Structure formats: C-alpha cells, structure tokens
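K.L.:
The structure that follows is given in the form of structure tokens.
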Amino acid sequence: MTDSEKRPQAKSLTRFVDSVAPFRLYDEQQEGASVQELRQNAPWKISDKEFEVFRLKSERKIRLNEIIRKNSQHTALVLVSLPVPHRDCPSALYMAWLDTLTCGLHCPAVLIRGNQQNVLTFYCQ
C-alpha cells in the first residue's frame, strides 16, 4: 500500500472521535480530579494522554479503513489482520480500532489474529 501514510479524511476522523467520545475520561477538563481517581470509577476509559499517545496509530487504522473500502467494493469477503494489542493501550481504544477497521464495509469481514510474520503455505495432495 503506497498511500497508507496519508492522513485520513476529516469525515472519517470525526466519525472515529465521535465513536470514542463516550469512552473518554476528558481528565484535563475535570477540575480537581486526578486520572487515578477517575480511572477507579471507569478503568476502561481513555485518558487524554493515552488518546494523544495513540493518535498516530488511530489515524492509521482510520486510513486503512478508507483503503479497504475503496479496494473492496466488489468483494464477497474481506480478511483483515488484527492489530497487535499493546499492553498500555486501553481496551476501549483497541475495540474502537476494530470497529473502525470494519466500519462501512458492504460485505462480511473476518478479523484474523496472526503472529506478525508473513508466511506462504503450500498444500500438497
């Protein structure tokens, strides 16, 4: 893919931000409350710092969705490798990435977990 490093379209980016909005802590807007206090009530929520740390990865997932939609208009099935889950990535953000990768597809999508190595399998009969 040659254009995967481009920034995603504003419409797609807005959709992603809106989809994760209910899962954000918005800790910088909370007066007097620390991230740890807010996280005790909702440990799955995404802090502002985490959202910024994973911003580029999120934008890449949004852009990949645009590329998949563009190139799979006439397909019956889309196969997508799951992104590698990072230990410090909030679960809500990871699930938003999966939702974003498959959003707007007109056909079923299969998310496949691999080991991040390219392989070619031959079957002999």
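The values are calculated or read from the model by the stated rules, or taken from the named source; none is laboratory data. Here the structure is a predicted model, which means the values were calculated and not measured. Note that each Cβ is placed from the backbone with ideal geometry, even for glycine, and that neighbours are counted across all protein chains shown. The area values use the complete protein model at the heavy-atom level, side chains included, leaving out ligands, DNA and RNA. Shrake-Rupley method; radii C 1.70, N 1.55, O 1.52, S 1.80 Å.
K.L.:
Can you list residue pairs whose Cβ atoms sit under 6 Å apart, with the first residue in segment 80-94 being without any contact (Cβ under 8 Å) to a residue 12 or more places away in the chain and the second being open to solvent by less than 30 Å² (accessible area, probe 1.4 Å)? Count only pairs 6 or more apart in sequence or on different chains.
P.N.:
none
K.L.:
Moving on. I'd like to know if segment 12-24 contains one or more residues that are in contact with a Pro (Cβ under 9 Å, 6 or more places away or on another chain), surrounded by 10 or more Cβ atoms within 10 Å (Cβ to Cβ) and at pLDDT below 95.
P.N.:
Yes: one or more hits.
K.L.:
Of the numbered conditions (1) over 12 Å from the mean Cα position of the chain (by Cα); (2) open to solvent by less than 70 Å² (accessible area, probe 1.4 Å); (3) basic (Lys, Arg), ARG7 satisfies every one except a single condition; which is it?
P.N.:
All conditions pass for ARG7, except number (2).
K.L.:
Now a separate question. Any residue that is in contact with a Pro (Cβ under 7 Å, 6 or more places away or on another chain) and hydroxyl-bearing (Ser, Thr, Tyr) - is there at least one of those in segment 87-104?
P.N.:
Within segment 87-104, one or more residues are in contact with a Pro (Cβ under 7 Å, 6 or more places away or on another chain) and hydroxyl-bearing (Ser, Thr, Tyr).
K.L.:
Within segment 64-73, does at least one residue satisfy the condition of being loosely packed, with under 10 Cβ neighbours inside 10 Å, in contact (Cβ under 8 Å) with a residue 12 or more places away in the chain and of a type in the set (D, E, K, R)?
P.N.:
No: segment 64-73 contains no residue that is loosely packed, with under 10 Cβ neighbours inside 10 Å, in contact (Cβ under 8 Å) with a residue 12 or more places away in the chain and of a type in the set (D, E, K, R).
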